[in-house]
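Undergrad: Just passing along the structure, written as structure tokens.
The values are calculated or read from the model by the stated rules, or taken from the named source; none is laboratory data. Remember, predicted model here, so these are calculated numbers, not experimental data. With ideal geometry, Cβ positions are generated from the backbone for all residues, glycine too; neighbour counts draw on all protein chains shown. Side chains are part of the model used for accessible areas, which takes the heavy atoms of the whole protein and leaves out ligands, DNA and RNA. Shrake-Rupley method; radii C 1.70, N 1.55, O 1.52, S 1.80 Å.
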Amino acid sequence: MTSGHKDMVAVANAGSSSLKFSLYGLEDGNLTLALRGLVEGLGTSPAFTAKDPAGQVIGQHRWEEGATLGHEAALRHVMAFVRELVPDITLQGIGHRVVHGGLEHAAPVIVTPDILAQLDALSPLAPLHQPNNLAPIRLAFEVLPGVPQVACFDTAFHRSNAEVAQVYALPFELHEAGVRRYGFHGLSYEYIAGRLPEVAPELAQGKVIVLHLGNGASACAMQNGRSVASTMGFTALEGLPMGTRCGELDPGVLIWLMDQRGMDARALETLLYKQSGLLGVSGISSDMRVLLASDEPRARLAVDLFVHRTVREIGSLAAELGGLDALVFTAGIGENADEIRRRVIEGCAWLGVSIDEPANRARGPRVSHPGGACSAWVIPTDEELMIARHTVALLAQSQDDVGARP
Ligand code: ADP
């Protein structure tokens, strides 16, 4: 470490049309957020925004309407911005969100060319996400040689699930070929598992269902801070209805769509990932805020369906756990939509939980009345911080390993 230089860790989260990034200062192993930002609309009308930890905009750029920007160009723009803002930076490592770790990876890894090839081979399991996630790793190898890259997986946290919670009732040969329930949003669940002992120590060993309700939505049953089961399966389509994804669906519908509507795999993919969920049912928006503010009957139906399916999945996961001590709400809807929390909690009265409305409006952290068999909480998630922590921990471990070598 050069004296006077700032040690920092970067986090990259590359989606299909956006690149989210964060930068953390690193001092004595402690991470402090320096900035976070986003390049969005990569394929349509790219726009860059960076904010300081207080949420103040510290950088902005718009490309002309209709311009397209690849992940590489987006990352180069981010790097140029960061270099200008913090010229004396020493980047200790970059943590990447990678959607699929397959069966191999139950924990984050330092990426080597071999590991990159292995992760690339998982792309058919998550064709819409994995190639985008890997693009910044490939680029960073090229333009930042010597800076360690760490891959953190959305699937890893669920590798603790029993086999019975991972198997589909299909010919077993397909299970062996990798068609099984992996589960996603693992970095968010892992972060919440780490926060529980701080927010509610009595729950750290308990039976808890965490509801990650954002644009993507899922739920995870946890015991002793470990994942027991979750609502997402082979892909991030299963389980709850989402902004534009369908959630649980009778597979017979797919056969019907192929037979009667002549849809092929690509058409089904677009329908199930981009045109379904809250957007599909309402015909208005994928955004929960818009739907909650609307009087349109189909907007109400979309919200009703979201609540209905969430309550049903809670019942299923509570059965898996054999009881329930707490519900935890997180992500965009879970943290902010008071009405959704109220309605979900009311639907779970049979579990012994009752809403404390003033606490709910104040966003908790505890939003249920004391004394019930089950409590309810709001805990904001922070997947980027989880990735940064993993990155620092792995780098420290690899330095120890080097030091310990004979
Ligand atoms: P992503 O999965 O893209 O990270 P987020 O976790 O940011 O998504 O969640 C986005 C969702 O959160 C949107 O449906 C948005 O409408 C909803 N949301 C954000 N703030 C509010 C709010 N104040 N009230 C209701 N819904 C909200």
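Undergrad: Scanning for something over 14 Å from residue 240 (Cα atoms) and crowded, with 23+ Cβ neighbours inside 10 Å, does the range 304-314 turn up at least one residue?
TA: Applying the first criterion (over 14 Å from residue 240 (Cα atoms)) to the range 304-314 yields none.
Checked against the condition, which is being over 14 Å from residue 240 (Cα atoms) and crowded, with 23+ Cβ neighbours inside 10 Å, the range 304-314 yields no hits at all.
Undergrad: Let me ask something else. Taking the condition of being within 26 Å of residue 396 (Cα to Cα), among the hydrophobic types (A, V, I, L, M, F, W, C) and open to solvent by 60 Å² or more (accessible area, probe 1.4 Å), how many residues in the range 118-160 meet it?
TA: 1
Undergrad: Would you tally the residues in the range 1-53 being open to solvent by 70 Å² or more (accessible area, probe 1.4 Å) and within 23 Å of residue 90 (Cα to Cα)?
TA: Of the residues in the range 1-53, the ones open to solvent by 70 Å² or more (accessible area, probe 1.4 Å) are 1-3, 5-6, 16, 20, 27-28, 30, 32, 36, 40, 44, 51, 53.
In the following step, the residues that additionally are within 23 Å of residue 90 (Cα to Cα) were identified as 1-3, 5-6, 20, 27-28, 30, 32, 36, 51, 53.
Residues in the range 1-53 being open to solvent by 70 Å² or more (accessible area, probe 1.4 Å) and within 23 Å of residue 90 (Cα to Cα): 13 in total.
Undergrad: Among the residues that make up the range 360-378, is at least one of them part of a loop (DSSP other than H, G, I, E, B), charged (D, E, K, R), farther than 30 Å from residue 152 by Cβ and over 23 Å from the mean Cα position of the chain (by Cα)? Give the steps one after another, and end with the answer.
TA: Step one: list which residues in the range 360-378 are part of a loop (DSSP other than H, G, I, E, B), which gives 362-365, 367, 369-374.
Still in the running and charged (D, E, K, R): 363.
In the following step, the residues that additionally are farther than 30 Å from residue 152 by Cβ were identified as none.
So far as the range 360-378 goes, no, none of its residues is part of a loop (DSSP other than H, G, I, E, B), charged (D, E, K, R), farther than 30 Å from residue 152 by Cβ and over 23 Å from the mean Cα position of the chain (by Cα).
Undergrad: Next question, about the same structure. Of everything in the range 239-286 that's in contact (Cβ under 8 Å) with a residue 24 or more places away in the chain and farther than 18 Å from residue 16 by Cβ, which residue is farthest from the ligand (Cβ to nearest atom)?
TA: Looking at residues that are in contact (Cβ under 8 Å) with a residue 24 or more places away in the chain and farther than 18 Å from residue 16 by Cβ, I get 248.
Undergrad: Looking at this structure, is residue 183 open to solvent by less than 60 Å² (accessible area, probe 1.4 Å), farther than 28 Å from residue 70 by Cβ and not in a helix (DSSP H, G or I)?
TA: Details: open to solvent by less than 60 Å² (accessible area, probe 1.4 Å): yes; farther than 28 Å from residue 70 by Cβ: yes; not in a helix (DSSP H, G or I): yes.
Yes, satisfied.
Undergrad: When you look at residue 266, is it in the same structural domain as residue 339 (by TED's automatic domain parsing), of a type outside the set (Phe, Trp, Tyr) and surrounded by fewer than 18 Cβ atoms within 10 Å (Cβ to Cβ), yes or no?
TA: Details: in the same structural domain as residue 339 (by TED's automatic domain parsing): yes; of a type outside the set (Phe, Trp, Tyr): yes; surrounded by fewer than 18 Cβ atoms within 10 Å (Cβ to Cβ): yes.
In short, yes.
Undergrad: Would you be able to say whether some residue in the range 365-377 is open to solvent by less than 50 Å² (accessible area, probe 1.4 Å) and in contact (Cβ under 8 Å) with a residue 60 or more places away in the chain?
TA: Residues of the range 365-377 that are open to solvent by less than 50 Å² (accessible area, probe 1.4 Å), as a first pass: 367-368, 372, 374-377.
From the residues that got through so far, the ones that are in contact (Cβ under 8 Å) with a residue 60 or more places away in the chain too are 375, 377.
Within the range 365-377 (the criterion being open to solvent by less than 50 Å² (accessible area, probe 1.4 Å) and in contact (Cβ under 8 Å) with a residue 60 or more places away in the chain), the answer is yes, since at least one residue qualifies.
Undergrad: Given 335, 313, 339, which one is within 16 Å of the ligand (Cβ to nearest atom) and within 19 Å of the chain's Cα centre (by Cα)? Break it down stepwise before answering.
TA: Working: 313 fails: within 16 Å of the ligand (Cβ to nearest atom); 339 fails: within 19 Å of the chain's Cα centre (by Cα).
The match here is 335.
Undergrad: Checking the structure you have, find out if any residue of the range 200-217 is surrounded by 22 or more Cβ atoms within 10 Å (Cβ to Cβ), within 15 Å of the ligand (Cβ to nearest atom) and farther than 19 Å from residue 277 by Cβ.
TA: Filtering the range 200-217 for residues surrounded by 22 or more Cβ atoms within 10 Å (Cβ to Cβ) gives 208-213, 216-217.
Keeping just the survivors that are within 15 Å of the ligand (Cβ to nearest atom) gives 210-213, 216-217.
Now narrow it down to the ones that are farther than 19 Å from residue 277 by Cβ: 210.
The answer is yes; a qualifying residue exists.
Undergrad: Within the range 345-353, identify whether any single residue is charged (D, E, K, R), surrounded by fewer than 16 Cβ atoms within 10 Å (Cβ to Cβ) and modelled with pLDDT of 95 or more, and answer yes or no.
TA: yes
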